[in-house]
Amino acid sequence: MKLPIKLKYIITSSITVILFLPSLSYASLSPRKGNKLYKEGKYAEAAEEYRKASIDNPNDPKIYYNLGNAEYQIGSYDKALQDYSRSAASDDIKAKQRSFYNLGNSLFKARKYDKAVEAYTKSLQLDPDDLDAKYNLELSLKKLKEQQKQKQQKNNKQNQNNKKNQQKQDNRNNKQQNNQQEQKQKNQQKSQEKQQSEKQKQQENKQKQNAQPRQSDKKKMSKEDALRILNALQGDEKKVQKQLRRFKVKSRKVSKDW
């Protein structure tokens, strides 16, 4: 006999929080000890008994269904997902439908709302009159929409931050390029001033050299040339003395007239 899946509602102001409970275990098809422990709320011990039973019956989907319920109750949702997935392979339509429903609950707890929507949809395909599955499907769709919106807002914020960071980086790069360009211009200006200064010094040195008397470019006089010039000068001097003697006035005594 299938017990109805109950949903507990807690009303806080205008917010409705839903707590999912998995459907109860198969009392007639699971080990009695595990079922007894499960009913007593000893879910960890019940899970251990169901694991032992799965070793003896590895292909029994109902054992994995009960194991998934126990693990769901102790908060081991990842393990419950694996067990519900195995129990969903059952040929029993009711067992399959309840497995997909509880699989949806586990996915919802794990905040995997898109996968939860798929699980509840499969559960409703097997039992279209399951009102709990319909409600949970609607709630999962709502949560999925909120999650996507939050993700989009996060992406937009991240994009804005990336854009701001890129702008800052571009500004730093532009500033660096401007500094490099300014430094390059300064270096070029210094180089030009240095070249101009050196050119001016060269011109001043050239002007100083032009202002000084030039050294004679004549070749060094030989001894023979010096004697020849000296003899010529002595001969000229004799001629000059001879001419002076020709024009020499004879002196005479001047008498006084008293």
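From the list GLN152, GLN147, exactly one residue is free of Cβ contacts under 8 Å to residues at least 24 places away in the same chain and more than 24 Å from ALA95 (Cα to Cα). Which is it?
The conditions single out GLN152.
Can you confirm whether segment 127-134 contains a residue that is closer than 25 Å to ASN59 by Cα and either charged (D, E, K, R) or assigned to a helix (DSSP H, G or I) (or both)?
Yes - at least one qualifying residue is present in segment 127-134.
On the basis of being in a helix (DSSP H, G or I), over 21 Å from ASN66 (Cα atoms) and of a type in the set (S, T, N, Q), does GLN97 make the cut?
No, not satisfied.
Residues in segment 110-117: is at least one in contact with a Gly (Cβ under 8 Å, 6 or more places away or on another chain), at pLDDT below 95 and under 27 Å from ASP60 (Cβ atoms)?
Within segment 110-117, not a single residue is in contact with a Gly (Cβ under 8 Å, 6 or more places away or on another chain), at pLDDT below 95 and under 27 Å from ASP60 (Cβ atoms).
How about segment 28-45: which of its residues are under 23 Å from GLY104 (Cβ atoms) and modelled with pLDDT under 50?
Matches in segment 28-45: LEU29, SER30.
Quick one: would you say GLN150 is farther than 30 Å from ALA119 by Cβ and assigned to a helix (DSSP H, G or I)?
Against the criterion (farther than 30 Å from ALA119 by Cβ and assigned to a helix (DSSP H, G or I)), GLN150 does not qualify.
Please verify whether segment 65-85 includes one or more residues that are polar (S, T, N, Q), in a helix (DSSP H, G or I), in contact (Cβ under 8 Å) with a residue 24 or more places away in the chain and touching a strand residue (DSSP E or B) at 6+ places or on another chain (Cβ under 6 Å).
No, segment 65-85 contains no residue that is polar (S, T, N, Q), in a helix (DSSP H, G or I), in contact (Cβ under 8 Å) with a residue 24 or more places away in the chain and touching a strand residue (DSSP E or B) at 6+ places or on another chain (Cβ under 6 Å).
If only one of ILE55, ILE10, ILE15 is modelled with pLDDT under 95 and either in contact with a strand residue (DSSP E or B) (Cβ under 9 Å, 6 or more places away or on another chain) or surrounded by 13 or more Cβ atoms within 10 Å (Cβ to Cβ) (or both), which one is it?
None of the others qualify; the one that does is ILE10.
Test of understanding: among GLN125, GLN97, which residue is farther than 18 Å from TYR38 by Cβ and in contact with an Asp or Glu (Cβ under 6 Å, 6 or more places away or on another chain)?
Of GLN125, GLN97, the one residue that is farther than 18 Å from TYR38 by Cβ and in contact with an Asp or Glu (Cβ under 6 Å, 6 or more places away or on another chain) is GLN97.
In segment 202-213, is there at least one residue being modelled with pLDDT under 85, loosely packed, with under 10 Cβ neighbours inside 10 Å and not in a helix (DSSP H, G or I)?
Checking segment 202-213: at least one residue is modelled with pLDDT under 85, loosely packed, with under 10 Cβ neighbours inside 10 Å and not in a helix (DSSP H, G or I).
The values are calculated or read from the model by the stated rules, or taken from the named source; none is laboratory data. What you are looking at is a predicted structure, and each value in this text was computed from that prediction instead of being measured. Using ideal geometry, Cβ is built from the backbone for each residue, glycine included, and neighbour counts are taken over all protein chains shown.
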